[in-house]
1. Tally up the residues in region A:121-141 that are under 16 Å from A:ASP182 (Cα atoms) and in a helix (DSSP H, G or I), please.
2. Among the listed residues A:GLU92, A:GLU139, A:GLU114, A:GLU145, identify the single one that is of a type outside the set (A, V, I, L, M, F, W, C), in contact (Cβ under 8 Å) with a residue 24 or more places away in the chain and more than 28 Å from A:GLU13 (Cβ to Cβ).
3. List the number of the failed condition for A:VAL117; all other conditions in (1) outside any loop (DSSP other than H, G, I, E, B); (2) under 15 Å from A:ASP186 (Cβ atoms) hold.
4. Quick one: count up the residues across region A:174-197 that are over 18 Å from the mean Cα position of the chain (by Cα) and not basic (Lys, Arg).
5. Using beta carbons and a limit of 8 Å, which pairs, at least six apart or on different chains, have the first residue in region B:40-62 and within 11 Å of chain A (Cβ to nearest Cβ) and the second one surrounded by 13 or more Cβ atoms within 10 Å (Cβ to Cβ) and of a type in the set (Ser, Thr, Tyr)?
6. Looking at (1) assigned to a loop (DSSP other than H, G, I, E, B); (2) within 25 Å of B:GLY48 (Cβ to Cβ); (3) of a type in the set (Lys, Arg), which is the one condition that is false for A:ARG52?
7. Counting just the residues of region A:156-174 that are out of contact with any helix residue (DSSP H, G or I) (no Cβ under 8 Å at 6 or more places or on another chain) and assigned to a helix (DSSP H, G or I), which one comes out farthest from the other protein chains (Cβ to nearest Cβ)?
Amino acid sequence: MNETKWYVYGIVEAEPLRMDVSGVAGAEEVTAVEHQQIAALVSEIETMNPDRSEANVRAHNQVLKQAMDQGCDGTVVPMQFGMVFETKNTIENVLRHGRRAFVQALEQTEGMIELGVKIIAHSDASVDRAAIVASVEDELDRSSETVAQNRMFSDRLLINRSYLVERSNREALDAGIDRLRDRHEDVTIQYSGPWPPYNFVDIQIGASQ
Amino acid sequence: MTFLIDDLLIRPFVGFLEIIHDMAIRELYNLEDIQDELKENRLLFELGERSQEEYELRKSQLEAQLQEAQEAHEHLRGRARVIE
């Protein structure tokens, strides 16, 4: 029995929306489920448990990036991967009960993007971690609104941070990264984004799915 | 050790060996360690220090380990519910 389920990517300010996508679990379309000026970006899928594969996780992220680029005033509150609901009605209930938190998150991240910075030591190098941290803070902190310290999942990582940046300040952060690359040729700098503000919204959905 | 003693005081009906066994499972199946290694594997691949083949092989090993670990934790949670 293949009943329709509802996969939620993120929350936006309500506006009529329909996007052709390569979405999670083979979804080809994203639409909006609206409730009182906010909306969930959703795809209809056939499972409650989409495979946590690299392809699906990438598709989740790609849809959010597409939404940021195509409309939604550039602001999307992202959901974590894997939020599936049995009915459209349940999503409307989530929007109703979480409205205050969603609106607050939309306001806090309006016009903002997330950019990621990882600095990695070369495999045989001995690097002064404190000096790297100091110059990162010197070059990047002033161009961003907030910084999130992410998990140091490898001994090779010297920095793993995410920056919440005004869209208009993106070039200032880019320039900071260029200067860091010039100052520290003995490390690899991975600079990624723009992403939806994954590391700057923390909304737990506790409704029965 | 404090954890062990507290646990025994709170749940004296749980056998000492059972707790040691549970701790060993938690240690062996540390979800965060496996997730960290998955991310590190990806990072080394992106840096060109691991070939596509090495990356894919290690990834599938770690994903299998993660699946096993999640099942072990589910099992422990199920048993905790029974004890409650």
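1. The number of residues fulfilling the criteria is 10.
2. Step by step, each of A:GLU92, A:GLU139, A:GLU114, A:GLU145 is checked, and only A:GLU139 is of a type outside the set (A, V, I, L, M, F, W, C), in contact (Cβ under 8 Å) with a residue 24 or more places away in the chain and more than 28 Å from A:GLU13 (Cβ to Cβ).
3. (2) is the only condition that A:VAL117 fails.
4. Qualifying residue count for the region: 13.
5. As it stands, the answer is B:GLU40/A:SER154; B:ASN41/B:TYR55; B:ARG42/B:TYR55; B:LEU43/A:SER154; B:LEU44/B:TYR55; B:LEU47/A:THR188, since those pairs meet every condition given.
6. So A:ARG52 meets the others, but not (2).
7. A:SER168
We did not get these values from a lab; they are worked out from the coordinates using the rules stated. Every value quoted in this text rests on a predicted model; they were computed, and no experiment measured them. Glycine gets a Cβ as well: all are built from the backbone with ideal geometry, and neighbour counts include every protein chain shown.
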